Amino acid sequence: MSRYKAPLALRPDPDVRLPEVAMVLAAGLGKRMRPLTATRPKPLVEVAGQTLLDHCLDRLRAAGVCKAVVNVHYLADALEAHLRNRVQGIEIAISDERDLLLETGGGLARALPLIDADPFLVVNSDNIWIDGPVDTLRLLAAHWDDARMDALLLLVPLARAHCHAGQGDFHMDPMGRLRRRKAGTVAPFVYTGVMMVAKRLFDGDIPEGPFSLNLLWDRAIAAGRCFGAVHQGLWFDVGAPANIHKTEAILSGA
């Protein structure tokens, strides 16, 4: 299959301060993507002729991000070799989790010394987004208010969350503040795996070792400092082998 070419996106405001550094979460075991991940890490699974990791890095570079910090654990040598041989136009720094998988929060906490920007972007490597009428990452940056926010999550309406089988993650008030979906209910917005955060999100009592970003989100929500911005383009939850074919079918008609 030929490599998908994303349409050109408009740039909303050239004066928007876009973070120059992004953390790319790429250390997971990829259990939902088995058997494809038996011999390769999930970020190196291909969709529409390109690895998931390359989809992510291409969008970061196109938006103007200068540096990506990539964490590695499962089949880390393969990921590092791919990054050495393929990536151009963006600096790569490796946050090594070979000794212990630290989950999303722990992985970010370990990588903080490598992230020389505040605020900075965080991107999961197993989701694909396509810009809508404006560049997605600059749209996110345009919503950032440092005085009010510790975390700004890119959300997509549940009805437009392609290949996603969940019931939504968040409700959002008219000011953009988020609250969690309650058990047994449906929420209108799904987290896309893309966010912008301030380093102060990690202030205070942070666990040693593995922990989930959910801990930090819950703290920010309780303080009224966790916000959302709505993605205007396409988004795909490419978490299982069957979703690859669904995603490629939609992209081929985009």
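Among the residues of the range 122-137, what is the count of those that are within 14 Å of the chain's Cα centre (by Cα) and either outside any loop (DSSP other than H, G, I, E, B) or among the aliphatic types (A, V, I, L, M) (or both)?
Number of matching residues: 9.
Residues to consider are Glu91, Glu80, Glu103; find the one that is charged (D, E, K, R) and in contact (Cβ under 8 Å) with a residue 60 or more places away in the chain.
Going through Glu91, Glu80, Glu103 in turn, the sole match is Glu103.
Return the pair list, or none, for Cβ contacts closer than 7 Å from residues in the range 196-213 that are more than 14 Å from Leu25 (Cβ to Cβ) to residues that are of a type in the set (A, V, I, L, M) and loosely packed, with under 15 Cβ neighbours inside 10 Å, at least 6 apart or on different chains.
Close Cβ pairs satisfying both conditions: Gly209/Leu100.
Take the residues in the range 95-121 that are closer than 16 Å to Glu208 by Cα and of a type in the set (A, V, I, L, M, F, W, C), then tell me which one is farthest from the chain's Cα centre (by Cα).
Looking at the filtered set, the residue picked out is Leu100.
When you look at Leu139, is it among the hydrophobic types (A, V, I, L, M, F, W, C), closer than 21 Å to Ala229 by Cα, crowded, with 21+ Cβ neighbours inside 10 Å and touching a residue at least 40 places away in the same chain (Cβ under 8 Å), yes or no?
Yes; evaluated as a whole, the condition is true for this residue.
When the residues of the range 1-44 are narrowed to those that are more than 20 Å from the chain's Cα centre (by Cα) and hydroxyl-bearing (Ser, Thr, Tyr), which ends up modelled with the highest pLDDT?
Ranking the candidates gives Thr39 first.
Inspect the range 231-253 for any residue being within 22 Å of Glu97 (Cα to Cα), surrounded by 21 or more Cβ atoms within 10 Å (Cβ to Cβ) and at pLDDT 95 or above and give the result as yes or no.
Scanning the range 231-253 turns up no residue that is within 22 Å of Glu97 (Cα to Cα), surrounded by 21 or more Cβ atoms within 10 Å (Cβ to Cβ) and at pLDDT 95 or above.
Could you run through the range 176-189 and say how many residues are free of Cβ contacts under 8 Å to residues at least 40 places away in the same chain and either loosely packed, with under 14 Cβ neighbours inside 10 Å or in contact with a helix residue (DSSP H, G or I) (Cβ under 8 Å, 6 or more places away or on another chain) (or both)?
Within the range 176-189, residues that are free of Cβ contacts under 8 Å to residues at least 40 places away in the same chain and either loosely packed, with under 14 Cβ neighbours inside 10 Å or in contact with a helix residue (DSSP H, G or I) (Cβ under 8 Å, 6 or more places away or on another chain) (or both) number 7.
The values are calculated or read from the model by the stated rules, or taken from the named source; none is laboratory data. All figures in this text were calculated on a predicted structure; none of them were measured in a lab. All Cβ positions, even for glycine, are placed from backbone atoms using ideal geometry, and neighbour counts span all protein chains on display.
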